[in-house]
Amino acid sequence: MTYHSTHRQYLTMLGILVALLLLALSAFAQETTNEAQGQDVNPSIGDGEMVFEGRLRYWYANDAAAKASHAFTFGTNFGYRSPTYKGFQIYLEGESVMALTPDLFFDGLNDQIDRTVVTDVETIELNQAQIYYTGQLGETKVQFRLGRQAAIVEDERFIGNVSARQDDQTFDAGWVKVQNDKRGFSFEYAYMYQINRLLAQVGDWRSNSHAFMMSYYKNPLVRVGLFAHLFDFKADNPGQSLQTFGFTIDRSEVPQDRVALTYKTAFAYQTDYADNPIAYESLLFNGEVGVSLPYIAVLNVGYELATSDNGVAAFQFPLSTGQRLHRISDKFISPPADGLHNPYVTAEFRNLVWGIGGWLGYHTYLSQDESTLLGQEIDVVLYRQIVPDLLRAELTYASFLGEEERFSDLNIFALDVVFEL
């Protein structure tokens, strides 16, 4: 859904009014809570929590195959979390994204098709609306969530909310989890009946999808996970309908006060599902080892292989947060049909200097037969909390150097200023 100038003016005014309204409601809620202190009363709406985040962003992207984009955008997330009553809680959240330079970047929907893609589409929509429950059955913790939600599973490699973009990916879904920490066991199930994608309402997919996840973590040095994903996106995107079965093994607890070795590995088998017109089989392997330095950094060396089925198709990640693996360019968020080798190194810093944190990444991409170098990428993210619990700044840089004609060079620079309440 793309808005013209009158709509942008409306959205700007609406965003300002919503921010002022939330500030007023937050003050009222705090006053109501203060008045209720020391009294034995049932929770009321005034005991809830207002949530607001405003993100002012400049995103420069220059693909060698297109004109450079200069995307100034302002995104807001504004919500209300009710007090907990007998284990139940309600959360409502709206979202808006406004383009301040709509003619200077291609968002995937507008008419600036000669410019580099920056997927920050203008929209105003209901981002989350859910009822949530948490309770105990003896030693077992039980949770469920029903409604529109921002799901994040494990490291977001298969299912995530793509938080790097202004418009979140959310899921109209039912989710349940049972967890017993004493026995070191958990089980999760999710049914997704709509995927709310990044291109506002235009990009949403109807869904009849299931996700099963089971984890055993009794030993602090070993956590074993099993998963099954049955993704059916109906007529909206049948080419991405697939089924995936796999397992993960990693360290369940990483101490923060001493040097520790870390590791993780994942193996998965994937094939077409539902009405996918392409019949294929593919495998995924990921292995990573690293060292955690107390209060300083985590350094990792990793390798990932997404195999091809004779050039027909390769392993796919339709609901993942690709940037979670520090690949900012998104050049290989969907591996090419001829498969992909991806050796990489990453470093995540908790505190570099002056309270600055961040991470660095370097990736090399090769075709499955390893005869062709496809490209190399360097990624840098730095962030600092300027005012605690209120204001932070984030700096992003990426440079992709393509080594084959089909993958052009891409340079990215971004600055985000984030205001939170």
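The values are calculated or read from the model by the stated rules, or taken from the named source; none is laboratory data. Computed from a prediction, not measured in an experiment: that's the story for all the values here. Backbone-built Cβ (ideal geometry, glycine too); neighbour counts: all protein chains shown. The protein model used for the area step is the full one, side chains on, heavy atoms only, and it has no ligands, DNA or RNA in it. Shrake-Rupley method; radii C 1.70, N 1.55, O 1.52, S 1.80 Å.
Listed by chain and number, the aspartates and glutamates whose alpha-carbon sits under 16 Å from that of residue 86, ignoring those within fewer than 8 places in the same chain, are 40, 47. All alpha carbon pair distances within the chain were sorted into 20 Å bins beginning at 0; the resulting P(r) in whole percents reads 22, 60, 18, 1. For the chain, a Gaussian network of Cα nodes joined below 10 Å ranks 99, 313, 279 by mean-square fluctuation, and the top entry is 279. Using only the alpha carbon atoms of region 82-125, find the Kirkwood hydrodynamic radius as the inverse mean reciprocal pair distance, in angstroms to one decimal. Final number for the Kirkwood radius of region 82-125 is 13.0 Å.
Once the piece of chain linking residue 202 and residue 356 is laid out straight, how much longer is it, given 0.36 nm per residue of separation minus the C-alpha distance between them?
Working: separation 154, 0.36 × 154 = 55.44 nm, distance 3.77 nm.
Between residue 202 and residue 356, full extension yields an extra 51.7 nm.
Evaluating 6.51 cos²θ - 1.76 cosθ + 1.60 at θ = phi - 60° for every residue in region 232-248, the Karplus couplings come out as 10, 9, 6, 7, 6, 7, x, x, 9, 6, 7, 10, 9, 10, x, 9, 10 Hz, glycine and proline recorded as x. Mean projection of the Cα convex hull over all viewing directions, computed for region 75-213: 9.7 nm². Normalised per residue, the accessible area of the chain is 48 Å², obtained with a 1.4 Å probe and no contribution from ligands, DNA or RNA. A Cβ-based charge dipole, computed about the Cα centre of the chain with Lys and Arg at +1 and Asp and Glu at -1, lands at about 980 debye.
Rg of the Cα atoms in region 270-406, relative to 2.2 N^0.38 Å, amounts to 1.23.
Computed from phi, the 3J(HN,Hα) profile of region 288-304 under the Karplus parametrisation 6.51, -1.76, 1.60 (θ = phi - 60°) reads 8, 10, x, 9, 9, 9, x, 6, 10, 7, 10, 10, 9, 10, x, 8, 9 Hz, with x in place of Gly and Pro. Which distance in Å, rounded to a whole number, links the C-alpha centroids of region 389-421 and region 171-208? Answer, in whole Å: 28. Put simply, the amide H of residue 403, placed in the peptide plane, has neighbours under 5 Å in 375, 376, leaving out anything fewer than 5 places away on its chain.
Output the direction-averaged projected area (hull surface divided by four) of the convex hull of the alpha-carbon atoms of region 229-319, in nm².
Taking the Cα atoms of region 229-319, their convex hull projects to 7.0 nm² on average.
Radius of gyration (Cα atoms) of region 272-314, expressed as a multiple of 2.2 N^0.38 Å: 1.87. Relative to its residue count, region 90-172 spans a Cα convex hull of 111 Å³ per residue.
Rg and Dmax of region 167-221, both derived from C-alpha coordinates alone, stand at 15.3, 46 Å.
Mean projected area of the convex hull spanned by the Cα atoms of region 175-309, taken over all viewing directions: 10.2 nm². Out of the total accessible area of the chain (probe 1.4 Å, heavy atoms of protein only), what percent is carbon and sulfur? The computed percentage sits at 61. Of the cross-linked pairs 182/331; 182/264; 234/331; 141/264; 141/234; 264/331, those separated by over 31 Å at the C-alpha level are 182/331; 141/234.
Of the chymotrypsin sites (Phe, Trp or Tyr not before Pro) found in region 333-381, those that fall in a DSSP loop while having at most 15 other beta-carbon atoms within 10 Å are 354.
Calculated mean residue ellipticity, 222 nm, the chain: -3000 deg cm²/dmol, from DSSP H runs (n ≥ 4) at -39500 (n - 2.57) each, averaged per residue and rounded to 500.
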